[in-house]
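**Student:** Please read through the structure below; I'll follow up with questions.
The values are calculated or read from the model by the stated rules, or taken from the named source; none is laboratory data. Everything numeric here is computed off the predicted structure, so don't read it as measured data. Here the Cβ positions follow ideal geometry from the backbone for every residue, glycine too, while neighbour counts run over all protein chains shown. The accessibility values were calculated without ligands, DNA or RNA, using every heavy atom of the protein model including side chains. Shrake-Rupley method; radii C 1.70, N 1.55, O 1.52, S 1.80 Å.
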Amino acid sequence: MKRKFIATLMATAVMGSMFTGCSSTAQPETPSQTPDTQTTQEAPKTEEPTDSAEKQVLDIAVFEGGYGRAYWDAVAEAFEKQNPNVDVVVNANPEIGEIIRPDLLSGNAPDFIYLPSTNKSGITDALVKDKLLADLSDVFADSEIKDKMLPGFIDNVATQPYGDGKVYLAPLYYSTTGLFYNKTVFEQNNWDVPVTWDEFFALGDKAKEAGRSLFTYQGLAPGYLEAVLLPAITAKVGPDNFIKALNYEDGAWEQPGIVEAMDKVAQIATGGYLMDGTVALSHTQAQQQWLKGDALFIPCGSWLEGEMADSPREDGFEWGFTAAPVFDKNDTKYVFTTVEEMFIPAASDNVDLAKEFLKFQYSDEAIALNAQNAKGIPPVKDAAEQLKDVVSPATYETYKLFDQGYEPSILRFGSVQGTEISPRSELFGQVASVMNGEMTGTQWAAHMESVSDSVRDYVVK
């Protein structure tokens, strides 16, 4: 097993995330621009313990990206106060994956790691593939933790990578995608924000009369449409049946519900609801035209506000955010969501203590510290309220969706090796043809079925 893991770590090819545009994982992957970001030093301690020889040392390694390191210093100190016999040593760095690689190879693994599976180092994926993570199921079986978690964040392929009902990756930060709009325009025209596809297209007819398009997207970066397409498919067939398609099961992409969802997204084009010229626009060009009022909606994540902070916009512009349309208000409603994971290496010398530290991440004290220091929260009920005064109203709304009955759609294509075909690229590479009216949603689904046929023999077991 160790020889296999070494081979995986030494490999130069790194498997990326299934679904990302400039998407929800992009913001956390961007190193913080504060001077502290560039240091590799361990967190300073408030006082030097006099009985260090008697203390248990918990080594934690954390990715220092857009959320910074201040939270980890604060939560380490808080955990130490509750556990006077513990010394938490924080190693935080933007390149933490590469820094801990030699330790993992030598069998000297950190006790606790926060490192998104999307990280370029590929460390998390390597540990998952070689089954070298500690089983965390007992942490989430704890009634106190279990009852606090938002629905859908534990029972998914991101936390249960082997489909055996056991949890190996714990969710920390999460990001949602959906549709942004200008609240002022809706108020001026007395328009309601649509919930269903029927309401969405009915609003599009009103928008045409007002000289606006209903929808645009980042044409040259079609992956942004994950915010609309993936929840639609999940709602029609359910997560389990969608996973069959993502794992290349024969015939799965041509399930009637998947075809119906793809046809519905294609209706944006066939019904004349797409802003002219969209497919040729870069992500910032499309976002700029949307800010100026050429279209009512654009798909994106909460980073959109920061990315376009200095861009011109309509007078009186006010940020608004809503989930992608659903087929029926009574159906389970999904929103495409990405998560960043924490985990414990099976080779840790302090697995039990690391699990206690993991549990502490979901405590009320840690949630408050996270919001204050990182402007992020774990997927815990009512935790969004901690962000209300530290993030913008629209960003706050992206988190509140889960308190309004929505569930996360957390999905990934099965990994393939030995083929040049990228299933995700194939899925979104057809979007321009769909939005130009050259391909129907039914043909889109058929294309993905042929992709599945082509890669089925290259799936990583």
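**Student:** For region 437-449, state whether one or more residues are open to solvent by 40 Å² or more (accessible area, probe 1.4 Å), of a type outside the set (A, V, I, L, M, F, W, C) and touching a strand residue (DSSP E or B) at 6+ places or on another chain (Cβ under 8 Å).
**Tutor:** No - not one qualifying residue is present in region 437-449.
**Student:** Sticking with this structure for a sec: Which condition number in (1) farther than 20 Å from Asp331 by Cβ; (2) not hydroxyl-bearing (Ser, Thr, Tyr); (3) not in a loop (DSSP other than H, G, I, E, B) is the one that Asp276 fails?
**Tutor:** Of the numbered conditions (1) farther than 20 Å from Asp331 by Cβ; (2) not hydroxyl-bearing (Ser, Thr, Tyr); (3) not in a loop (DSSP other than H, G, I, E, B), the odd one out for Asp276 is (3).
**Student:** Run down Asp331, Asp310 and say which single residue is of a type in the set (Asp, Glu) and touching a residue at least 24 places away in the same chain (Cβ under 8 Å).
**Tutor:** Values: Asp310 fails: touching a residue at least 24 places away in the same chain (Cβ under 8 Å).
When all the criteria are applied, what remains is Asp331.
**Student:** Can you say whether Ala235 is crowded, with 20+ Cβ neighbours inside 10 Å, in contact with a Ser or Thr (Cβ under 8 Å, 6 or more places away or on another chain), closer than 15 Å to Ala324 by Cβ and in contact (Cβ under 8 Å) with a residue 60 or more places away in the chain, as far as the supplied structure shows?
**Tutor:** Yes, satisfied.
**Student:** Something else now. If you scan region 201-228, which residues turn out to be farther than 28 Å from Asn189 by Cα and assigned to a helix (DSSP H, G or I)?
**Tutor:** Pro222, Gly223, Glu226
**Student:** Go through (1) within 24 Å of Val279 (Cβ to Cβ); (2) over 25 Å from the mean Cα position of the chain (by Cα) for Thr177 and report which single condition fails.
**Tutor:** All conditions pass for Thr177, except number (2).
**Student:** Still on this structure, please answer the following. If Ala368 satisfies all but one of (1) touching a helix residue (DSSP H, G or I) at 6+ places or on another chain (Cβ under 7 Å); (2) surrounded by 18 or more Cβ atoms within 10 Å (Cβ to Cβ), what's the number of the condition it fails?
**Tutor:** Unmet condition: (2).
**Student:** Got a number for residues in region 184-204 being open to solvent by 70 Å² or more (accessible area, probe 1.4 Å) and over 21 Å from Tyr334 (Cα atoms)? Reasoning before the result, please.
**Tutor:** Residues of region 184-204 that are open to solvent by 70 Å² or more (accessible area, probe 1.4 Å), as a first pass: 187-188, 190, 192, 198.
Filter once more, so that each one left must be over 21 Å from Tyr334 (Cα atoms): 187-188, 190.
Selection size over region 184-204: 3.
**Student:** Just checking, does region 129-139 include any residue being assigned to a helix (DSSP H, G or I), open to solvent by 10 Å² or more (accessible area, probe 1.4 Å) and of a type in the set (S, T, N, Q)?
**Tutor:** Applying the first criterion (assigned to a helix (DSSP H, G or I)) to region 129-139 yields 129, 137-139.
Now restrict to residues that are open to solvent by 10 Å² or more (accessible area, probe 1.4 Å): 129, 137-138.
Adding the requirement that they be of a type in the set (S, T, N, Q) leaves 137.
Yes; the residues of region 129-139 include at least one that is assigned to a helix (DSSP H, G or I), open to solvent by 10 Å² or more (accessible area, probe 1.4 Å) and of a type in the set (S, T, N, Q).
**Student:** Right, something else. Among the residues of region 295-319, which ones are farther than 28 Å from Tyr67 by Cβ and either of a type in the set (Val, Ile, Thr) or surrounded by fewer than 19 Cβ atoms within 10 Å (Cβ to Cβ) (or both)?
**Tutor:** Pro312, Glu314, Asp315, Gly316
**Student:** Pairs please, first residue from region 128-141 and at pLDDT below 95, second anywhere and open to solvent by 30 Å² or more (accessible area, probe 1.4 Å) and in a helix (DSSP H, G or I), Cβ atoms under 7 Å, 6+ apart in sequence or on different chains.
**Tutor:** Lys129/Thr8; Asp130/Lys4; Asp130/Thr8
**Student:** Which one of these is modelled with pLDDT of 95 or more and surrounded by fewer than 19 Cβ atoms within 10 Å (Cβ to Cβ): Lys55, Lys81, Lys45? Quick ask: steps written out before the conclusion?
**Tutor:** Details: Lys55 fails: modelled with pLDDT of 95 or more; Lys45 fails: modelled with pLDDT of 95 or more.
After applying the criteria, what remains is Lys81.
**Student:** Right, Leu353: out of contact with any helix residue (DSSP H, G or I) (no Cβ under 9 Å at 6 or more places or on another chain) and touching a residue at least 12 places away in the same chain (Cβ under 8 Å) or not?
**Tutor:** On the way: out of contact with any helix residue (DSSP H, G or I) (no Cβ under 9 Å at 6 or more places or on another chain): yes; touching a residue at least 12 places away in the same chain (Cβ under 8 Å): yes.
Yes, satisfied.
**Student:** For residues that are surrounded by 20 or more Cβ atoms within 10 Å (Cβ to Cβ), farther than 14 Å from Leu179 by Cα and polar (S, T, N, Q), tally how many sit in region 385-399.
**Tutor:** Residues that pass the stated criteria total 1.
**Student:** I'm checking my understanding of the structure. Among residues of region 140-167 that are of a type in the set (Ser, Thr, Tyr) and open to solvent by 30 Å² or more (accessible area, probe 1.4 Å), which one is farthest from Glu226 (Cα to Cα)?
**Tutor:** Residues of region 140-167 of a type in the set (Ser, Thr, Tyr): 143, 159, 162.
In the following step, the residues that additionally are open to solvent by 30 Å² or more (accessible area, probe 1.4 Å) were identified as 143, 162.
Numbers: Ser143: 34, Tyr162: 24 Å.
So the residue we want is Ser143.
**Student:** Among Thr322, Thr338, Thr332, which is the only one that is open to solvent by less than 30 Å² (accessible area, probe 1.4 Å) and modelled with pLDDT under 95? Write out each step before concluding.
**Tutor:** Numbers: Thr322 fails: modelled with pLDDT under 95; Thr332 fails: open to solvent by less than 30 Å² (accessible area, probe 1.4 Å).
Result: Thr338 is the single residue among Thr322, Thr338, Thr332 that is open to solvent by less than 30 Å² (accessible area, probe 1.4 Å) and modelled with pLDDT under 95.
**Student:** Being farther than 21 Å from Phe63 by Cα and part of a loop (DSSP other than H, G, I, E, B) narrows it down to one residue among Pro378, Pro312; which is it? Steps first, please.
**Tutor:** Values: Pro378 fails: farther than 21 Å from Phe63 by Cα.
Residue meeting the stated conditions: Pro312.
**Student:** Would you say Ala266 is within 15 Å of Leu225 (Cβ to Cβ), more than 22 Å from the chain's Cα centre (by Cα), open to solvent by less than 10 Å² (accessible area, probe 1.4 Å) and touching a residue at least 60 places away in the same chain (Cβ under 8 Å)?
**Tutor:** yes
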